[in-house]
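Working notes for the structure below.
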Amino acid sequence: MKDVTKLPQYQLDRRQTFMEHGFELFCSKSIDAVYLPDVAKASGHGIATLYRYFSTKAEFALAIAEWKWGEFFRENRSRRPNEGFEGKTAADMYAFFLDSFLNVYRKNKALLRFNQLFNVYIHSGEVPPETVERYRVLMKPITDFFHLLYERGKEDGTLRTDVPETEMLSVCVHLMLAAVTRYAVGLVYQPDGGFDDLKELDILKSMLYREFTTQQQ
């Protein structure tokens, strides 16, 4: 992937325009169904101009993932009561961790739709292994924060550290991410009288909180 740190501002703006249009096209169709010439046309530029910034669709899709998840991680970090959660328990940090999934659902459903399509795309066999690895590195803020709260749980006893860290992390991420994604793409039962999506997701959050903490929320 090209180093963008040295690009002049007008090139950064053009690169951003490509990513914005690519994000919209990927979310409205799918990554497999969209080609780079489609993005170039939607952006009002020729394909040769787009290729100056992104040489492959895999590189382009990863750049979009880095951009959108980077925005979310920065915004979510700003919700912290303080940088290191000083004065907070592991259970407090765990509640924040679970609520982060609800936060992305509340504020950026399109990112969840894109992420589902991106996960399908990177496991299609057409994406280079290094791109898959870069995506895994991109999601490290999730695992890094969970490790910090788990270690604090060993100290203050508010978290069930009798459950292995990797097992707890897997359960929480898979259940929460799967749930908010299904709600975001509309793959849920919708009764005639409607339903309260945030209330239902909050129930799942509360269930996981009770399962893995030693105190009641």
Crossing angle, helix 129-138 versus the chain [Cα axis fit, 0-90 degrees, rounded to tens] = 50 degrees
For volume of the Cα convex hull per residue in Å³, the listed values are (i) 139; (ii) 130; (iii) 151; which was obtained by calculation from the structure presented?
-> (iii)
Which cross-chain or sequence-distant (5 or more) residues have an amide H under 5 Å from the amide H of Leu159, H modelled 1.01 Å from N in plane?
-> Thr214
Could you give me the percent of Cα pairs per 5 Å distance bin for the range 1-116, shortest bin first, beginning at zero and ending with the bin that holds the maximum distance?
-> 2, 10, 19, 19, 14, 12, 10, 7, 5, 2, 1
Output the relative contact order of the range 86-162, whole-number percent, from Cα pairs under 8 angstrom with separation of 6+ residues.
-> 55 percent
Expected max-MSF residue from Asp144, Asp192, Asp38 in the GNM of the chain (alpha carbon, under 10 Å) is Asp192
Under 12 Å, Cβ to Cβ, from Lys154 - net charge with Lys/Arg +1 and Asp/Glu -1 = -3
Find which of His45, Leu175, Tyr209 sits farthest along the positive direction of the dipole of the chain, computed with +1 on the beta-carbon of Lys and Arg, -1 on that of Asp and Glu, about the Cα centre.
-> His45
Chymotrypsin sites (Phe, Trp or Tyr not before Pro) within the range 1-98: which are DSSP loop residues with at most 14 other Cβ atoms inside 10 Å?
-> Tyr35
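Coordinate-derived values only; no laboratory data. Since we're looking at a predicted model, the values are computed, not measured. Cβ: placed from backbone, ideal geometry, glycine included. Neighbour counts: every protein chain shown.
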